[in-house]
Amino acid sequence: MARPVRAAGLAAIASSAWALLLASPPAIALEPVELQLVLAIDTSTSVDEREFALQTEGLANAFLHPDVVNAIRLVGPRGIAVSVTHWAGQNRQSTVVGWHLLHDGQDAAVLAARIAAVPRIIEGLTDIAGAIDHAAASIGSNAYEGERRVIDISGDGSSDAASSRAARDNANARGITVNGLVIHQQDYSLGELANIDLREHYANNVIGGPGAFMMTASDFEDFRVAIRRKLVREIIGPVSASR
């Protein structure tokens, strides 16, 4: 005749069952890529509809340009992961093009079409810190793990220096580099008396991290050239770009 199961044995079985139920699911392996890149585009009120269109077209066309396509091919077999964010004032940021894995011109063309099709959905004031925080969170919560991780902030206005520095420093502490593309040299969004030098503002309060750099577009017409050159430099990386 079988022996009765003791209470201690039942308790051990129950404990093991609960442990299995409460155990965390196995972590999903992230796909390694050479670069994770968030392109954060300023859509604040200071950017009119024509200027928004120039930014969108310039960014989309950049991914069709042979220089950018060649950079994607040369960066390595793992490819790069890219997403696009629109940003304006506080709590006004949105990932408008989700993460795309790019290996070649065909992948880049798909991304270009997605960028070109996105309408303007955000307006408001200018909050660079919010843009950085949103982009950093996106980098930390997708299916990829980049050898390099970069946020590309494009903008035509300044915002609170202290909060921008804090957001940049937090991103840097997570291994994320913040680059800048300044549109216009001066910021008059706060009135003529403000006269803030945007290059100085970005240099001191926005960009930072390994290989961080800044470029300038004299106006939104010039953005299309500047963003293409900037993408090539970001994709290839700071070491190769300096050769």
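The values are calculated or read from the model by the stated rules, or taken from the named source; none is laboratory data. Just so it is clear, the model here is predicted, and its values are computed rather than measured. Note that each Cβ is placed from the backbone with ideal geometry, even for glycine, and that neighbours are counted across all protein chains shown.
Scanning region 45-68 for residues that are of a type in the set (Ser, Thr, Tyr), modelled with pLDDT under 90 and either in contact with a Ser or Thr (Cβ under 7 Å, 6 or more places away or on another chain) or part of a helix (DSSP H, G or I) (or both) turns up just one, SER46. Residue count for region 68-98 satisfying the condition of being surrounded by fewer than 19 Cβ atoms within 10 Å (Cβ to Cβ) and not β-branched (Val, Ile, Thr): 11. Taking the condition surrounded by fewer than 23 Cβ atoms within 10 Å (Cβ to Cβ), at pLDDT 95 or above and on the phi < 0 side of the Ramachandran plot, does ILE207 pass? Judged against the criteria, ILE207 is a match.
Among the conditions (1) more than 21 Å from ILE207 (Cβ to Cβ); (2) modelled with pLDDT under 95; (3) surrounded by 17 or more Cβ atoms within 10 Å (Cβ to Cβ), the only one that ALA23 does not satisfy is (3). For region 139-161, filtered to residues that are over 13 Å from the mean Cα position of the chain (by Cα) and among the aliphatic types (A, V, I, L, M), the residue that is farthest from GLU51 (Cα to Cα) is ALA143.
Within region 153-171, residues that are within 20 Å of HIS86 (Cβ to Cβ) and charged (D, E, K, R) sit with their Cβ atoms under 7 Å from residues that are at pLDDT 90 or above and outside any helix (DSSP H, G or I), at 6+ positions apart or across chains, in these pairs: ASP156/ASP42; ARG168/VAL178; ARG168/VAL206; ARG168/GLY208. For region 140-187, taking the residues that are acidic (Asp, Glu) and not in a strand (DSSP E or B), the one that is surrounded by the most Cβ atoms within 10 Å (Cβ to Cβ) is identified as ASP156. Out of the residues in region 121-139 that are in a loop (DSSP other than H, G, I, E, B) and among the charged types (D, E, K, R), which is farthest from ASN205 (Cα to Cα)? Step by step, filter region 121-139, then rank; the result is GLU123.
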